[in-house]
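Chemist: Here it is, the structure in full.
The values are calculated or read from the model by the stated rules, or taken from the named source; none is laboratory data. All values derive from a computational prediction rather than experimental measurement. Glycine also receives a Cβ, built like all others from the backbone with ideal geometry; neighbour counts cover every protein chain displayed.
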Amino acid sequence: MKIGLIGCGSIGQFLLQKINEDQVLPNTEIIAVFDEREKSIEKLQKLSSQFSFEYHQTLSTFLQTPADLIIECANIESVNAYALDIVEKKNLLIISIGALADATLYEQLQEKTKLHSTKVYLPTGAVGGLDVIKAAHSMGGLDTVSLISRKPIDALVDKKFTTETTLFKGTAKDAIAKFPKNANVAIAISLAGIGVEKTTVQIIADPDVTRNVHTIQLQGDFGKADMTIENNPSPSNPKTSYLTSLSILAKIQSLDEQIVIG
Ligand SMILES: NC(=O)c1ccc[n+]([C@@H]2O[C@H](COP(=O)([O-])OP(=O)(O)OC[C@H]3O[C@@H](n4cnc5c(N)ncnc54)[C@H](O)[C@@H]3O)[C@@H](O)[C@H]2O)c1
């Protein structure tokens, strides 16, 4: 599989290291990176000679490469700017899932992918349990879904708190508007279940935790579920859980599987 990448930060560089350097996925290679911003040239030239990829400053040439899959690991703005053009030609994996809280973009992606026979993949990211939520919701019998995200303070804000502080309580839709880098999981579980208006979210800054801890609770015809994931942060970005990068590798692997689990 040939991959094109948007975003060479914590997640992007992890993927370059694991896929191109360590070759953890057989027959898989990141062949191209896209970034149209002048300020990125120097950094990407360096990375390009280290990890052997083509560096593109225009989307049209990037989309002419033989990449089978484009992976977005940049930010919500880049999903807004490029996703609709990408799916005209390529399959797209989005990790800044918060972008899809926008119902219009979601609908447009549905239509375009149908028209061009492409796919959008949303990996599980920093949480698990999307399979449970989807199954519980498959006949519409899912009543409530809530998420409590408890994170170290520096993963959330620049301020210093000495005690546990709730920074946000409300809908998933409002959570991603206020915390665009910290509420992607809220949108992932919303899209798997009862939507961004009905899924409730609490974001807590906690001086006593060193991990990003997500607790998902759901209730419906199936019964009840209570799932807690304690994520180690990525060494290079405390806002991003290490599991997020692993979930992208797992998704790429699953695209090639004959026996699909879950
Ligand atoms: N779905 C999830 O569970 C989940 C979990 C953690 C992080 N995320 C999201 O994943 C994304 C990447 O996370 P990260 O930790 O690697 O962030 P990061 O800040 O370390 O890296 C982002 C990179 O994208 C680059 N970038 C920004 N705008 C760009 C553009 N227009 N074109 C090309 N490159 C651009 C930046 O220069 C930077 O190198 C973020 O949006 C983050 O919120 C999602």
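Chemist: Does the range 169-182 hold any residues that are closer than 13 Å to A205 by Cα and buried (at least 19 other Cβ atoms within 10 Å of the Cβ), and which are they?
Modeler: Of everything in the range 169-182, those that are closer than 13 Å to A205 by Cα and buried (at least 19 other Cβ atoms within 10 Å of the Cβ) turn out to be F179, N182.
Chemist: Name the single residue, out of those in the range 209-244 being in contact with a Lys or Arg (Cβ under 9 Å, 6 or more places away or on another chain) and polar (S, T, N, Q), that is farthest from S138 (Cα to Cα).
Modeler: Among those that are in contact with a Lys or Arg (Cβ under 9 Å, 6 or more places away or on another chain) and polar (S, T, N, Q), it is N232.
Chemist: A further question follows. Being away from the ligand (no atom under 16 Å from the Cβ) and polar (S, T, N, Q) is the filter here; which residues of the range 217-253 pass it?
Modeler: Restricting attention to the range 217-253, the residues satisfying the condition of being away from the ligand (no atom under 16 Å from the Cβ) are 217-226, 253.
Q217, Q219, Q253, listed by residue number.
Chemist: Right, next: Residues that are over 16 Å from G125 (Cβ atoms): find the strands (runs of 3 or more DSSP E) completely inside the range 209-262 holding 3 or more of those. Quick ask: steps written out before the conclusion?
Modeler: Working: elements: 212-220, 223-231, 237-241.
Fully inside the range 209-262 and qualifying: 212-220, 223-231.
Chemist: Which residue pairs have Cβ atoms closer than 8 Å, lie 6 or more positions apart in sequence or on different chains, and pair a first residue in the range 56-70 that is of a type in the set (S, T, N, Q) with a second residue that is at pLDDT 95 or above and assigned to a loop (DSSP other than H, G, I, E, B)?
Modeler: From the range 56-70, the pairs are Q57/D35; Q57/E36; T58/E36.
Chemist: I'm trying to understand the selection: among the residues of the range 1-45, which are β-branched (V, I, T) and assigned to a strand (DSSP E or B)?
Modeler: The answer is I3, I6, I30, I31, V33.
Chemist: Report the residue count in the range 37-63 for those that are among the acidic types (D, E) and surrounded by 14 or more Cβ atoms within 10 Å (Cβ to Cβ).
Modeler: Total meeting the criteria: 1.
Chemist: For the range 58-77: of the residues being out of contact with any helix residue (DSSP H, G or I) (no Cβ under 8 Å at 6 or more places or on another chain) and in a loop (DSSP other than H, G, I, E, B), which is nearest to T118 (Cα to Cα)?
Modeler: Per the stated criteria, the residue is D68.
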